[in-house]
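Student: Once you've had a glance at the structure underneath, I'll fire off some questions.
Each reported figure results from applying straightforward, stated rules to the coordinates on display, with no laboratory input. Every value quoted in this text rests on a predicted model; they were computed, and no experiment measured them. Glycine gets a Cβ as well: all are built from the backbone with ideal geometry, and neighbour counts include every protein chain shown.
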Amino acid sequence: MPESWDVLVVGAGPAGGLAALDCARRGLKVLLVEKRAFPRWKVCGCCFNKQAQATLASLGQNDLIIDRGGVRLQTLRLGLNGRQTSLAIPDGFALSRERFDQALMDAVVEAGASVRCQMSAGVEEVQPGWRIVRLKDQRSGQQNHVRARVVLVAAGLAQRCLPEQDTGITRIRSRSRVGAGCVLVDDEKHYAAGAIHMAIGERGYVGLVRREDGLLNLAAAFDRQAIAHGQGAAGATQDVLMQAGFPPPAALRQGRWQLTPALSRGAEVVAGERFLVMGDAAGYVEPFTGEGIAWALTAGAAAAPFVEEGLLRWSHDLEKRWTRELKLRIGRRQRICRTLAMVLRQPKPTRALFELSSRWPALSERIVASLNHVTLPSAGSQQCL
């Protein structure tokens with residue numbers, strides 16, 4: 001492996017993959033490393049809203065989702081206290097993370113970047129004009145060091161590749177819920193394709209989406225006690241579905257469940273000496289209709305101009321502008337989701353919001369539309385005045 005890179009990207013999810021693609025297309029020497037083997041499944045609702053689609057299109061990936069068999073989504077079906085109501089949503093798509101992430105990685109390779117899977121990364125000391133990164137092959141245990149002029153960290157919710165002195169404190173919000181998910185073989189007709197089915201319960205909510213391969217993707221957010229004191233994620237899911245009046249899938253107890261760390265969190269530092277943090281590693285809140293992937297893609301699409309500037313001259317001003325860029329492009333969307341998450345923890349406001357959705361669906365559809373509002377990153381990083 002070459003010893004020197006213009007850009008080293010840690011994490012091959014939506015944020016890291018799209019950033020690597022954009023940087024490679026600009027002629028930069030890019031290495032993308034991912035600690036897991038591909039294709040791989042992740043705890044995720046696998047939904048792509050209008051913002052996600054527009055961001056992909058802005059970098060020439062207009063047909064990536066459709067070409068891989070994405071299922072069009074047009075309805076949000078809500079369930080609460082045994083009652084259901086449906087809302088129209090702007091056209092979205094459902095596509096499994098196995099197919100999407102692999103397709104994005106294929107595009108990264110085609111653009112000229114180098115990709116290494118099953119390899120972890122640890123960002124180490126600064127040298128003049130460079131950042132040293134330790135790479136470890138997860139299969140053989142072999143380690144070596146490379147240097148990168150810029151490091152992009154898109155290593156997920158609980159990233160540990162940056163030194164503590166660089167990252168500061170990760171603030172986890174009190175009462176933050178944890179994520180849980182699985183994929184099930186389900187031949188019942190209750191959870192039809194083309195809709196996001198969302199069940200709301202006392203201690204969490206569950207989203208169900210039919211994937212392009214016919215499997216049923218479950219992604220949930222639960223109070224920690226719901227999992228710790230009950231029958232695990234499967235039991236918590238069954239409770240929420242039954243409270244909402246949704247039938248539990250027959251294979252629910254046979255699912256291979258994965259859990260996430262606390263979802264609602266914020267990174268104290270998202271930029272430092274020759275590194276930028278993006279995606280879930282930069283901060284996250286509970287999403288509802290595909291916002292999580294859209295946030296990640298938006299950050300990935302914004303990175304390349306900052307990288308190009310940093311290759312010429314790294315500065316504290318650049319770091320401040322990256323922090324501001326994330327707040328501008330993603331912060332508002334996350335605040336809306338954070339507000340919704342707070343409402344869904346309180347029974348009376350939740351019932352009121354559900355009644356509002358049932359009687360005047362147009363008002364609730366406006367909230368969903370605001371989460372789908374398209375804003376693309378600026379063409380270049382703007383200097384602070």
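Student: T75's amide H: which non-local residues (gap 5+, or another chain) put their own amide H closer than 5 Å, with H modeled 1.01 Å from N in plane and none for Pro or chain starts?
Tutor: Hits under the 5 Å cutoff: I89, I196.
Student: Output the 0 to 90 degree angle, nearest 10, between the alpha-carbon long axis of helix 291-312 and the longest principal axis computed from the alpha carbons of the chain.
Tutor: 10
Student: A further question on this structure: Mind checking which lysines have their C-alpha under 16 Å from K136, skipping anything on the same chain fewer than 8 residues away?
Tutor: K35
Student: Shifting gears a bit: To test your reading of the geometry: what angle, between 0 and 90 degrees and rounded to tens, separates the Cα axis of helix 332-343 from the longest principal axis of the chain?
Tutor: For 332-343 against the chain, the angle is about 30 degrees.
Student: Rounded to the nearest 500, what is the chain's calculated 222 nm mean residue ellipticity when only DSSP H runs of at least 4 contribute -39500 (n - 2.57) each, over all residues?
Tutor: Details: 12 runs with 130 residues, N = 385.
-10000 deg cm²/dmol, from helical runs alone.
Student: Right, something else. R175: net charge of surrounding residues, Cβ under 10 Å, Lys/Arg +1, Asp/Glu -1, itself excluded?
Tutor: +3
Student: Turning to a different aspect of this structure: Neighbouring Cβ atoms within 10 Å as the yardstick, rank F93, F222, F38 fewest first.
Tutor: Fewest-to-most ranking of F93, F222, F38: F38, F93, F222.
Student: Hey, what did the chain get for relative contact order, percent, Cα under 8 Å, at least 6 apart?
Tutor: 22
Student: With everything on Cα atoms, drop me the angle between helix 97-110 and the longest principal axis of the chain, reported from 0 to 90° to the nearest 10.
Tutor: Once rounded, the angle reads 20 degrees.
Student: Show me the trypsin sites (Lys or Arg not before Pro) within the range 184-288 that DSSP assigns to loop and that have at most 16 other Cβ atoms within 10 Å of their Cβ.
Tutor: Numbers: sites: K189, R203, R210, R211, R224, R253, R256, R265, R274; in loops: K189, R203, R211, R256, R274.
Of the trypsin sites (Lys or Arg not before Pro), the ones in loops of the range 184-288 whose Cβ has at most 16 other Cβ atoms within 10 Å are K189, R256.
Student: Report the local net charge at E202: Lys and Arg +1, Asp and Glu -1, summed over other residues whose C-beta lies under 13 Å from its C-beta. Walk me through the intermediate numbers first.
Tutor: Numbers: positive: R177, R203, R345, K348, R351; negative: D223, D239.
Neighbour charge sum, excluding E202 itself: +3.
Student: Also: Would you work out which of I196, P163, L78 lies farthest towards the positive end of the dipole of the chain, given +1 charges on the beta-carbon of Lys and Arg and -1 on that of Asp and Glu, about the Cα centre?
Tutor: Farthest towards the positive pole: L78.
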